[in-house]
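The values are calculated or read from the model by the stated rules, or taken from the named source; none is laboratory data. This is a predicted model, so every value here is computed, not measured. Don't worry about glycine lacking a Cβ; one is built from the backbone with ideal geometry, like all the others, and counts go over all protein chains shown. The accessibility values were calculated without ligands, DNA or RNA, using every heavy atom of the protein model including side chains. Shrake-Rupley method; radii C 1.70, N 1.55, O 1.52, S 1.80 Å.
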Amino acid sequence: MNMYSLWAVIAIGLASNLDNAGVGIAYGVRKIHIPWYSNLTIAVISFLATLLSGLFGNWMTLWVHPAIGQWVGTIVIVTVGVWVLLQPFVEKKTVPRDEEPSILTRLLRNPEEADRDSSKSLSIGESLLLGVALAMNALAGGFNAGITHLNVFYTSLSVGLFSFILLALCAGFGEKYAAEKLGNRATIISGLLLIFIGIRQIF
């Protein structure tokens, strides 16, 4: 693996999990404990989501020209980056009464809702739902890795590791310093990083 591929694998792992930083801070601020096994469950879900989407991207390379695959990967990851970047502004709009947001959208806006029994601790069952919500960005990163011939396994491992580390560290940080504003900043940084990865692959 050359230096650019290593950098791309690390960058995708980081960008796919910056939402975890915001979620960790939200949990820390509200004194909701995330046991290591629940954190590991979320990390495994992100790993599997990245792996599956990466294998799908690899499969697509059998049918499309490498140059087209490069552009498809770039378009997908830049589009997701723009979508992530716009989320803080979109969320400011009020939702009409007859248009309730999906449960995954609600979890990303208010991650404390995953603690459905209000036990102040995230069980494995509760972590499964939160893990699916947090794995959405990982799908784009995995697909991009697969279609641009990055090592899918290493990319998936990077996503899983960053998921575990960021959620654990930021939960402790949020509990200690109550830095609520970092959540939106993490979302913006995540979007910008995804866009940068996509553009860098073309140029």
### Task
Kindly list the number of the only condition in (1) within 27 Å of I147 (Cβ to Cβ); (2) part of a loop (DSSP other than H, G, I, E, B); (3) modelled with pLDDT under 65 that fails for V64.
(3)
### Inter-residue pairs, beta-carbon under 7 Å, first more than 25 Å from S156 (Cα to Cα) and touching a residue at least 40 places away in the same chain (Cβ under 8 Å) and in the stretch 21-47, second among the aromatic types (F, W, Y) and surrounded by 17 or more Cβ atoms within 10 Å (Cβ to Cβ), 6+ apart
G28/F173
### Message
Quick check on the stretch 22-31: of everything there that is within 17 Å of the chain's Cα centre (by Cα) and open to solvent by 10 Å² or more (accessible area, probe 1.4 Å), which residue is nearest to V132 (Cα to Cα)?
### Response
G22
### Task
Within the stretch 1-21, count every residue that is open to solvent by less than 30 Å² (accessible area, probe 1.4 Å) and outside any helix (DSSP H, G or I).
2
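Looking only at the stretch 158-168, count every residue that is open to solvent by 20 Å² or more (accessible area, probe 1.4 Å) and touching a helix residue (DSSP H, G or I) at 6+ places or on another chain (Cβ under 7 Å) and tell me the total.
Number of matching residues: 5.
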